[in-house]
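Participant: Please find one structure pasted underneath; my questions will follow.
The values are calculated or read from the model by the stated rules, or taken from the named source; none is laboratory data. Here the structure is a predicted model, which is why all the values come from computation and not from measurement. Counting neighbours? That spans all protein chains shown, and the Cβs are built from the backbone with ideal geometry, glycine included.
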Amino acid sequence: MMAMHRLRRNAIKLEGERSSALDLAHGRLVLISAFFGLVYLVFAIRAFDLAVIQAFEMPYESEAVDVVEVADRAETQEVSVVAKGRADIYDRNGELLATTLKTSSLYADTHLIFDPENTARQLVKIFPKLSYGKVLHKLQSGRRFEWIERNIHPDKIEQVMLIGEPGLDFKESYRRFYPQGESTVHMVGYGDIDANGLAGIERSFNNHLNEGRELHLTMDVRLQHILRREIKRSVDKFEAKAGAGVIMDVTNGEILAGVSLPDFDPHYPGGAEKDEIFNMLTLGVYELGSVFKIFSTAAFFENKNVPMSVTFDASEPIKVGRHTIRDYHAENRILTAPEVFMHSSNIGSALMGQAVGTEKLRAFYKDLGLLDTIDFEVREVAKPLVPQPWREINTLTASYGHGVSTTPLHLAGAVASIVNGGYAVKPKLVLDETGEKSSTDVRVVSAETAQRIRQLLRLVVTEGTGSKADVKGYRVGGKTGTAEKIVNGKYDNKKKISSFVGVFPMDAPQYVIYIMVDEPVGQKDTWGYATGGWVAAPAVARTVSSMASVLGIPPAAEGSAPDQFGESLRQFVSTREVSQ
Amino acid sequence: MKTLKPRTFIVFAFAALSGALLLYTSQNVQDAQSRLESYEKSIEGEKEKIRLLRAEWASLNRPERLERLANEFLDVLPPAPDQMVDRDAANFEIQPAVEFEIERDFEPVLQPVSAGGEVKPSVAPPAPKHKPPAPSREFREQEEKEAKDFNKLIGEIGGGT
C-alpha cells in the first residue's frame with residue numbers, strides 16, 4: 001500500500017502545479033480506476049491460470065507425506081527403513097547376484113477415510129486374505145497411521161487408487177533380491193529385513209554396499225551351477241548327509257564357484273535349518289585324509305634331494321606307541337614314491353613325513369596356510385584344529401591327513417599354491433577390477449617339486465585311485481581322500497568324508513576343483529564302495545567336462561605332447577590291476 | 001485531457017506491460033518446475049522399473065532354469081569334450097569350390113588347402129522333430145514346483161507382516 005501511495009503522489013507531481021482542481025480530481029479518478037482495472041486483470045489472469053491451465057497439469061498431491069513422517073517417528077520399530085541405495089553385487093561376467101528392489105506397502109490415515117465400510121469392502125475384494133472386520137476396525141481406529149497390507153503387488157496399487165479414498169496411501173520400502181536363489185547363498189550371503197548383511201559378502205561388505213558402491217565377485221554363475229549340480233548328484237546318489245566344493249583359479253586364487261550343500265533360499269533365512277545355514281566350505285573343519293599326501297610328498301621332495309625311484313617299505317604296518325598305521329589299499333610290499341602316491345599308501349606317506357621331520361613338516365604346512373585361520377573375504381571362517389603339542393606321531397598322521405583338521409577352502413588354496421609352480425596364493429572372492437594380475441612372489445616349493453607333484457597327480461588319475469576323474473583330452477590330475485569321521489572320540493569306519501581334489505589341465509594347471517561328500521553310503525553299482533575315488537572323482541570328471549564346454553577349452557589331441565604328460569613316471573610303477 | 005500527458009501513459013503502459021511480463025515469466029517458471037519434478041519422478045520410476053526388469057531377467061536366466069528348459073524343449077545337448085576341437089590347431093579341409101565361369105581373369109581368393117589329417121565328423125545330431133514339443137507332465141510339475149513366480153517372490157520377500 002505504501003508503494004501505491006508514493007506512486008500516486010509522484011503522478012500528481014508530474015501533472016504540474018497549474019492544473020485546476022477539477023482536472024486534478026478527474027485525473028485521480030482515472031488513475032484509481034486504471035489501478036483497480038489492472039488489479040482485476042491480474043486476478044482474472046491468475047484465476048484463469050489456476051482454473052484452466054494448471055488444472056490439467058498439476059497432479060493431485062496429498063499432504064500424506066508429513067503423516068508418514070510423523071508415523072515413522074511414532075512407530076519406528078514397525079517401519080523398516082532399508083538403505084535405498086544399497087548397491088548391487090555381480091559375478092565376474094556381470095551377472096546379477098544381489099540387487100535392491102522397491103516394494104510398496106499400503107497404509108491408511110483414518111482421519112481422511114470418509115466411508116470406512118465401503119472402503120473396507122473394496123479392500124477385501126482386492127486383498128482376499130484380509131478380513132472385512134479387521135480392516136474396518138483398523139479404518140475406524142482414529143489413528144493417523146495404520147498398516148493395511150505390506151509388500152503389495154504393483155498391479156494392486158492401481159486398484160487401490162481407484163477406490164478413491166484420500167486416506168489410503170502407499171509407503172515404499174526396499175528389499176534385497178537374489179536372482180540366483182539358493183545357488184549362491186553361501187558365498188553372496190543374505191541379509192535381515194533391513195537389508196543388513198548377516199552372512200557372506202553381504203555381511204563383510206555391509207558398509208561398502210550401503211554406501212552405494214557395487215561389487216564384482218570372482219564367481220561365475222555358470223560354473224557355480226555346474227559344481228552345485230554335480231555335488232548334488234553325488235550327494236543324492238550316495239545318500240550322503242552333505243557336500244561341499246570349490247573351483248579355484250590356481251594362478252591367482254580366484255574362486256569361480258563355491259558350494260555348500262544343503263543350502264537354502266536367501267529370501268527366507270528365517271526358515272532355514274541349522275545345517276543349511278552352515279557353510280561347510282569356510283566354517284567346516286575336517287580331517288580331510290589322503291588328499292594331504294600331496295603336501296607331505298611335496299615336503300619330502302622339497303627337503304630331500306632324491307630321485308622319483310626312491311622306495312618305501314610298505315610291507316608291514318607301522319607301530320608307534322599305541323597307534324598302528326595301516327594301508328587302506330594295502331599292497332604289502334616295497335613301493336616307489338609314485339606307487340605310494342597312486343595307491344595312496346598311508347605307510348609310505350608316514351615314512352615320507354618321518355624323513356622330512358616334525359619341525360620342517362610343520363613349517364611347510366604353515367607356509368601353505370594349513371595351520372592358520374584363512375584370510376578370506378567371507379568372514380565366517382573357522383580356525384584349523386592343530387595338535388597341541390605336536391608330537392612325532394602327529395607328524396606321521398598329518399602326512400596322510402589325520403590329526404589336522406582344516407576347511408575345504410584351506411585345502412584348495414594349498415593345492416593351488418603347489419601346482420601353479422610353487423607360488424603361494426590366497427583364496428579370494430572379490431574381483432580386483434584394477435585389472436592388475438595379482439600374484440605373490442612367495443615361493444612355497446621349487447618349480448621342480450611343483451612339476452613332480454603335477455606328474456604324480458596325473459599318475460593317480462591315469463593309473464591309480466582317481467581313474468574315474470579322467471576326462472579324455474583334458475589331462476585331469478588329482479588325489480583321492482577318504483577319511484573316517486571321529487564320532488565320540490573314536491574313528492568310525494562307517495562314517496566317512498570322501499573327497500577328490502582335481503587339477504586340470506595337468507601340464508599347465510589352470511583350475512583346481514575340490515569336491516567332498518559327507519557320510520556317503522556305498523551303492524550296489526559301486527560294489528558298496530563309498531571312497532573318494534567312487535564318490536567324488538566322477539563328480540570332478542563331470543564338472544571338468546561341463547566346464548570345458550562352457551569356457552570353450554579345447555581338448556589336447558590324442559598322442560600329443562600335453563596328452564602324454566606324466567607318462568615318464570610309468571617306469572617306476574609295477575604293472576598290476578589297480579583297485580579303486 | 002490536460003493532466004495526463006502522453007509520457008504518463010507510456011509509464012503506465014510500461015508498468016502494466018512489465019507486470020504482465022513478470023506474471024507470464026513466473027507462471028512459466030512454476031510450470032517448468034512442476035514439469036521438471038514430474039520428469040524427475042518419472043525418471044525415478046523408470047529406473048525402478050529397469051531395476052525390476054533386470055532382476056527378473058537375471059532370475060529368468062538362471063543357468064539352472066535354462067538347463068531345465070533346454071532339456072525339455074531343445075533337441076540339443078552341450079558339446080561333449082570329444083566334440084570340441086582347437087580352432088588354431090585343427091587342420092580343416094576346405095572343399096574345393098564348384099567350378100564356374102569367371103569372365104575377368106583374377107586369382108581365386110580361396111585356395112583349396114590340402115589337409116594333413118582327416119577331420120572326423122562329429123556325432124550326427126539327432127534329426128529335429130518337426131512338431132513343437134509339448135512339455136511333459138513331469139516337466140510341468142517340476143516347473144510349478146521349482147519356478148517360483150517372480151512377482152510372487154517379490155511380493156513375498158521381506159515378509160514384513
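Participant: So which of A:Ser315, A:Ser399, A:Ser309 ends up being surrounded by 23 or more Cβ atoms within 10 Å (Cβ to Cβ) and either of a type outside the set (Asp, Glu) or in contact with a strand residue (DSSP E or B) (Cβ under 8 Å, 6 or more places away or on another chain) (or both)?
Facilitator: A:Ser399
Participant: With (1) part of a loop (DSSP other than H, G, I, E, B); (2) within 10 Å of another protein chain (Cβ to nearest Cβ); (3) modelled with pLDDT of 70 or more as the list, and A:Ser105 as the residue in question, which single condition is left unmet?
Facilitator: It is condition (1) that A:Ser105 fails.
Participant: Could you list, in sequence order, all residues of the stretch A:503-520 that are out of contact with any helix residue (DSSP H, G or I) (no Cβ under 8 Å at 6 or more places or on another chain) and within 18 Å of A:Tyr286 (Cα to Cα)? First the steps, then the outcome.
Facilitator: So in the stretch A:503-520, the residues out of contact with any helix residue (DSSP H, G or I) (no Cβ under 8 Å at 6 or more places or on another chain) come out as A:510, A:519.
Residue satisfying the conditions is A:Glu519 alone.
Participant: Continuing with this model, one more query. Restricting the stretch B:1-53 to residues that are β-branched (Val, Ile, Thr) and within 7 Å of chain A (Cβ to nearest Cβ), which is surrounded by the fewest Cβ atoms within 10 Å (Cβ to Cβ)?
Facilitator: To start, the set of residues in the stretch B:1-53 that are β-branched (Val, Ile, Thr) comprises B:3, B:8, B:10-11, B:25, B:29, B:43, B:50.
Checking the rest, the ones that are also within 7 Å of chain A (Cβ to nearest Cβ) come to B:3, B:8.
Values: B:Thr3: 22, B:Thr8: 17.
Applying the filter and picking the extreme gives B:Thr8.
Participant: Residues that are free of Cβ contacts under 8 Å to residues at least 12 places away in the same chain and in the same structural domain as A:Gly552 (by TED's automatic domain parsing): find the strands (runs of 3 or more DSSP E) completely inside the stretch A:454-540 holding 2 or more of those.
Facilitator: Per the criteria, A:490-504.
Participant: Only one residue in A:Asn151, A:Asn93 is surrounded by fewer than 20 Cβ atoms within 10 Å (Cβ to Cβ), at pLDDT 80 or above, polar (S, T, N, Q) and within 30 Å of A:His186 (Cα to Cα), so which one is that?
Facilitator: Numbers: A:Asn151 fails: at pLDDT 80 or above.
None of the other options fit; the residue is A:Asn93.
Participant: Still on this structure, I have one more. Would you confirm, using the coordinates I've provided, whether A:Glu254 is out of contact with any helix residue (DSSP H, G or I) (no Cβ under 9 Å at 6 or more places or on another chain) and either closer than 25 Å to A:Phe376 by Cα or buried (at least 19 other Cβ atoms within 10 Å of the Cβ) (or both)? Steps first, please.
Facilitator: Values: out of contact with any helix residue (DSSP H, G or I) (no Cβ under 9 Å at 6 or more places or on another chain): yes; either closer than 25 Å to A:Phe376 by Cα or buried (at least 19 other Cβ atoms within 10 Å of the Cβ) (or both): yes.
Yes.
Participant: Mind listing whichever residues of the stretch A:526-563 are polar (S, T, N, Q) and either closer than 14 Å to A:Leu227 by Cβ or within 12 Å of another protein chain (Cβ to nearest Cβ) (or both)?
Facilitator: Hits for the stretch A:526-563 are A:Thr543, A:Ser545, A:Ser546, A:Ser549, A:Ser560.
Participant: Just checking, which of A:Lys237, A:Lys171, A:Lys232 is charged (D, E, K, R), closer than 22 Å to A:Leu283 by Cα and surrounded by fewer than 24 Cβ atoms within 10 Å (Cβ to Cβ)?
Facilitator: Every option except A:Lys232 fails the conditions.
Participant: Among the numbered criteria (1) more than 21 Å from A:Tyr491 (Cβ to Cβ); (2) touching a strand residue (DSSP E or B) at 6+ places or on another chain (Cβ under 7 Å); (3) of a type outside the set (Lys, Arg), which single criterion is violated by A:Glu287?
Facilitator: Result: A:Glu287 fails condition (1) only.
Participant: Please verify whether the stretch A:71-85 includes one or more residues that are away from every other protein chain (no Cβ under 12 Å), part of a loop (DSSP other than H, G, I, E, B), under 30 Å from A:Ala257 (Cβ atoms) and at pLDDT 90 or above.
Facilitator: no
Participant: Also, quick follow-up: Could you check the stretch A:126-196 for helices (runs of 4 or more DSSP H) lying wholly inside it with 2 or more residues that are closer than 30 Å to A:Val246 by Cβ?
Facilitator: Hits in the stretch A:126-196: A:185-188.
Participant: Looking only at the stretch A:108-128, which residues are within 14 Å of chain B (Cβ to nearest Cβ) and touching a residue at least 24 places away in the same chain (Cβ under 8 Å)?
Facilitator: A:Ile126, A:Phe127
Participant: Identify, please: which residue in the stretch A:541-578 is of a type in the set (S, T, N, Q) and in contact (Cβ under 8 Å) with a residue 24 or more places away in the chain and is, among those, surrounded by the most Cβ atoms within 10 Å (Cβ to Cβ)? Full working, then the answer.
Facilitator: The initial filter retains those residues of the stretch A:541-578 that are of a type in the set (S, T, N, Q), namely A:543, A:545-546, A:549, A:560, A:564, A:568, A:571, A:574-575.
Filter once more, so that each one left must be in contact (Cβ under 8 Å) with a residue 24 or more places away in the chain: A:543, A:545-546, A:568, A:574.
Values: A:Thr543: 28, A:Ser545: 22, A:Ser546: 20, A:Ser568: 12, A:Ser574: 9.
Selected residue: A:Thr543.
Participant: Give the number of residues within the stretch B:55-80 that are among the basic types (Lys, Arg) and not in a helix (DSSP H, G or I).
Facilitator: Total satisfying the criteria: 1.
Participant: Please go through the stretch A:320-332 and pick out each residue that is of a type in the set (Val, Ile, Thr), surrounded by fewer than 20 Cβ atoms within 10 Å (Cβ to Cβ) and touching a residue at least 24 places away in the same chain (Cβ under 8 Å).
Facilitator: A:Val320
Participant: Could you tell me which numbered condition A:Ser131 fails, if it satisfies all but one of (1) closer than 30 Å to A:Leu227 by Cα; (2) surrounded by fewer than 20 Cβ atoms within 10 Å (Cβ to Cβ); (3) hydroxyl-bearing (Ser, Thr, Tyr); (4) within 14 Å of chain B (Cβ to nearest Cβ)?
Facilitator: A:Ser131 satisfies every listed condition except (1).
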